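Input: a single structure, listed below in structure tokens.
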Amino acid sequence: MKKSYKCEVDCANCAAKMEEAINKIDGVKSARVNFMTQKLTLEADDDIYDEILDAAVKACKKVEPDCEIEI
């Protein structure tokens with residue numbers, strides 16, 4: 001399953017760190033955090049997509065605590 005979400009990221013460096021952190025999560029096929037469009041695109045296994053999405057949000061908050069992702 002592949003979905004896109006609106007996210008608020010303060011800088012391109014934070015977006016890159018978020019993307020790297022999300023791509024390390026087991027079950028993630030690909031993740032892209034685009035600073036210019038303020039969008040997170042996540043592709044992951046269908047069976048555990050919700051768990052991976054929760055882990056991705058936590059990973060983003062760890063990089064930038066005030067990051068907001070509209071789910």
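Between amide H atoms placed 1.01 Å from N, distances below 5 Å from V28 occur with no residue 5 or more places distant or on a separate chain. Placing +1 on each Lys and Arg Cβ and -1 on each Asp and Glu Cβ, with no other charges, gives the chain a dipole about its Cα centre of roughly 260 debye. Projecting the Cα positions of N23, V33, A12 onto the charge dipole of the chain (unit charges on Cβ atoms of Lys, Arg, Asp and Glu, taken about the Cα centre) puts A12 furthest along the positive direction.
As a fraction of the 1.4 Å probe accessible area of the chain, surface on carbon and sulfur atoms comes out at 47 percent.
Spherically averaged projected area of the convex hull of Cα atoms, the chain: 3.8 nm².
The values are calculated or read from the model by the stated rules, or taken from the named source; none is laboratory data. Predicted model, so just to flag it, every value in this text is computed and none were measured. Reconstructed Cβ throughout: ideal geometry from the backbone, glycine too, with neighbour counts over all protein chains shown. Side chains are part of the model used for accessible areas, which takes the heavy atoms of the whole protein and leaves out ligands, DNA and RNA. Shrake-Rupley method; radii C 1.70, N 1.55, O 1.52, S 1.80 Å.
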